[in-house]
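First the structure, in the form of structure tokens, and then the observations on it.
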Amino acid sequence: MLLILFGVPGAGKSFAGHILRDDYGVHFHDADHELPEDMRHALASKLPVTDDMRQRFFERVIRVTRRLTEYHEHVAIAQAFMKEQHRQMVLRAFPQAQFILVTSRPDLIEQRFAQRSDYLIDLEDARRIAAVFEPPQIPHRVLPNNGDREGLSVKLALLLNGQLKDVT
């Protein structure tokens with residue numbers, strides 16, 4: 001099983017991934033760890049991210065995901081996947097992947113950014129990125145995250161049992 005957790009910054013993708021790891025034994029990987037150094041620098045310096053940077057990043061994410069799925073039966077990858085073309089790229093590489101759109105209320109996202117001091121982007125960047133987030137066209141499920149760990153764990157159990165509603 002390969003789960004792709006995607007959504008705007010601050011929605012709770014990593015939070016959901018940690019619950020999957022801790023409660024259900026799913027191997028979790030935050031794909032932001034694969035950001036090429038030039039892309040990391042551009043984000044931190046508020047410089048433009050080029051298509052070439054994005055392409056190299058997603059190629060790296062696919063390579064790492066392929067390795068992880070060779071060694072682990074259940075894997076969850078978290079990444080914003082802001083553009084549909086990148087979701088499609090991953091879906092072509094992993095047709096069995098289940099895409100999960102993690103959502104959260106804007107006020108909760110803002111609270112999360114207010115509590116973060118070591119994150120690569122700030123609230124202003126998150127708002128700018130959220131404004132250009134392309135609505136998913138690929139089949140996916142929606143996982144609402146209100147910050148309640150226990151409630152999210154129950155929703156993830158439903159997802160793992162195939163009972164969380166599909167969106168197309």
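Please treat every number below as a calculation from the coordinates, not as lab data. Note that the structure is predicted; figures quoted are calculated from it, not measured. All Cβ positions, even for glycine, are placed from backbone atoms using ideal geometry, and neighbour counts span all protein chains on display.
Going through (1) 8.6; (2) 15.4; (3) 9.2, the figure that equals mean projected area of the Cα convex hull in nm² as computed for the structure here is (3).
Eight or more residues apart or on different chains, and alpha-carbon atoms under 22 Å: count the Lys pairs in the chain matching that. Step by step, the pairs that qualify in the chain add up to 5.
Charges were assigned to the Cβ only: +1 to each Lys and Arg, -1 to each Asp and Glu. The resulting dipole of the chain about its Cα centre is roughly 300 debye.
Considering only beta bridges that DSSP places wholly inside the chain, some 10 percent are antiparallel. Dividing the summed helix terms, -39500 (n - 2.57) for each DSSP H run of n ≥ 4, by the number of residues in the chain produces a 222 nm estimate of -15000 deg cm²/dmol to the nearest 500.
Where the centre of each part is set by its Cα atoms, how far does region 48-80 sit from region 95-168, in angstrom? The distance from the Cα centre of region 48-80 to that of region 95-168 comes to 18 Å. The relative contact order of the chain, computed from alpha carbon pairs under 8 Å that lie at least 6 residues apart in sequence, is 35 percent.
Here each label is just a point 7 Å from Cα along the line to Cβ, and for Asp107 and Asp30 those points are 2.6 nm apart.
The string of couplings for region 90-99 from the Karplus curve (6.51, -1.76, 1.60, θ = phi - 60°) is 5, 5, 5, 6, 9, x, 7, 5, 9, 8 Hz, one whole number per residue in order, with x for Gly and Pro.
Of Thr103, Thr65, Thr50, the sequence from fewest to most neighbouring Cβ atoms within 10 angstrom is Thr50, Thr103, Thr65.
When the Gaussian network model of the chain links Cα atoms closer than 10 Å, the mean-square fluctuations of His72, His18, His29 top out at His72.
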